Amino acid sequence: MEGVLANLAVGFAHVFEPVNLLVLVVGIVLGLLVAVLPGLTLVMGVVLALPFTYSMDVTAAIILLTAMYVSGTYAGAWTSILFHVPGEPIDVPLLWDGYAMARKGKAAEALGWTLIAAFFGGMVAAVVMVLLSQPIARVALTFSTPEYFAIIFFGLASVVSLGGGSLANALISLFAGLLIATVGVDDTYGAYRFTFNIPILSDGIDYLVVMVGAYGLGEVFVRLEQGFTSAQLEAIGRISTKLPGLREILAVKSTFLRSGLAGILIGIVPGAGATVASFLSYGMEGQYGRRRAQMGSGIAEGIVAPQTAATASVGGAIIPLVTLGIPGSGATAIILGAFLLHGLQPGPQVFQTSANIVYAMFASVFAGIVVMCVIGYFATKPMVKVLDLPEVIVSAYVVMLCLLGAFAARNNITDVWLMVIFGILGYLFERFRFPITPLVLGVILGPLAETNFMTTMISFNNDWTVFFTRPLAGPIMLVGILTLLYPLFRHLRRQAKMRGSRDIAL
């Protein structure tokens, strides 16, 4: 323990060197800017920054990329809560309660909750990362493709059960998303699927196009139909930045703990990342939270759960990276590339050969969380003031972001037209009460689910029972199935009570 603390102190000494501290601040700001813009994802931002680290010192390079990774899990909350436009998939769950809270005139409170959630999730994960990295990484090493598929299945089932209204509509939405995810070249066999001889479709339909169109442009179409009238927005400009009080924080302490633990554990699993952690935590809160019946109406738990888990996944994803050389997410895969470019091979031996660099990385997570929260606090008020603008102007700004985001995905005008199509689809979904979330989640997680399913079938001779017989995958699959069936049982029980009431009345 003393050796760990001593190494961490040395890491902080490296981080607080003037050049490295400047690099840390620049990385935080860049991560915030990238995460705010739809289309410029966190991973894309880290990729774009990687070439600039070639001539940098290895410690500074790792600090820069780690800082971008940390702040990139937070800034998308601004556009999700204020404009109903998620910066990237990890921000989608913030729409459901964060945007609903903003529509009630409490945008500042919603952003305050995201700030506290990001701070708590990041700090708890950083402590776990430093103290328990090697033991936890050994457990994660036992995971194989059946466990990955089981986790994704649980995430899909959780969100379907939260679709609200008709379970059939939620399933239709999910299957539509999974169908869209199959467009392009099959990763396993190389077959072309649903491309219709259109070259751009050979690479598939980018999830950013679907997400930005269905949520961003679809919301603009809905507001257009309503005439851009919203009584709730009139008072938002008079609200100053407001962080929740200690009593309010303690009231949702179980959500903080549950989501922080989920974020860390999901982050450790290679390939799962912040997106799965965010969706799973929101689903867990909707199933087991104290105010689960109010989820989606604009309550603090619906904001705290996904944001805490998303930021906590950063520390979790770094654990297998530094101890096993296995990236836990897309961003850590890029950071792994930075290690290799500078002649370092992450793994069990890195703590003996380059402990100063590893602990500088750990220290940059702690420092990055603090710097991110300070910058985020002062940036919140100007972001809230944006809602003083007439709603038609705000909507025009959203359309501009959507168009830029769709084009930035692959620099192809076809993606812009696809985004418009999915914007219309998003409007129709809202109009006919089909939930959009299962559609978007199906597009995001569909390829990952398919790859892990097909790999499992090939590895285990098409034995589908492996998903239920393995000690880790089996319980997760069982919980996922129960989660999926719970709304049906609840509906049947409600119908039985109604019939009983009618019989008594008669």
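Bear in mind these aren't lab numbers, they're just calculated from the coordinates by the rules spelled out. In this text, all values refer to a predicted model and were calculated from it rather than measured experimentally. Every residue, glycine as well, gets a Cβ built from its backbone with ideal geometry; the counts of neighbours run over all protein chains shown.
A cut-off under 12 angstrom between Cβ atoms defines the neighbours of Thr145, and their net charge, with Lys, Arg +1 and Asp, Glu -1, is -1. Between Ile421 and Ala251, the modelled labels are 4.6 nm apart [label points 7 Å from Cα along Cα→Cβ]. Around Val124, with a cut-off of 13 angstrom between Cβ atoms, what is the net charge of the other residues, counting Lys and Arg +1 and Asp and Glu -1? Neighbourhood net charge equals +2. Here the calculated FRET efficiency for Ile393 and Arg431, from their Cβ-Cβ distance with R0 = 22 Å, stands at 0.35, rounded to the nearest 0.05. Subtracting the Cα-Cα distance of Phe468 and Ala191 from their residue separation scaled by 0.36 nm leaves 96.8 nm. Normalised by the number of residues in region 66-110, the mean separation of alpha-carbon contacts (under 8 Å, six or more apart) gives a relative contact order of 29 percent.
Each label point is 7 Å from the Cα along the Cα-to-Cβ direction; what then is the distance between the points at Asp57 and Thr142, in nm? Going by the 7 Å Cα→Cβ label model, 4.2 nm. Per-residue extension of 0.36 nm, minus the Cα-Cα distance of Tyr288 and Leu478, leaves a gain of 66.8 nm for this segment. The order of the peptides 100-112, 192-204, 411-423 by mean Cβ neighbours within 10 Å, most packed first, is 100-112, 411-423, 192-204.
Extension gain for Val4 to Arg499 (0.36 nm times residue separation, less C-alpha to C-alpha distance): 171.8 nm.
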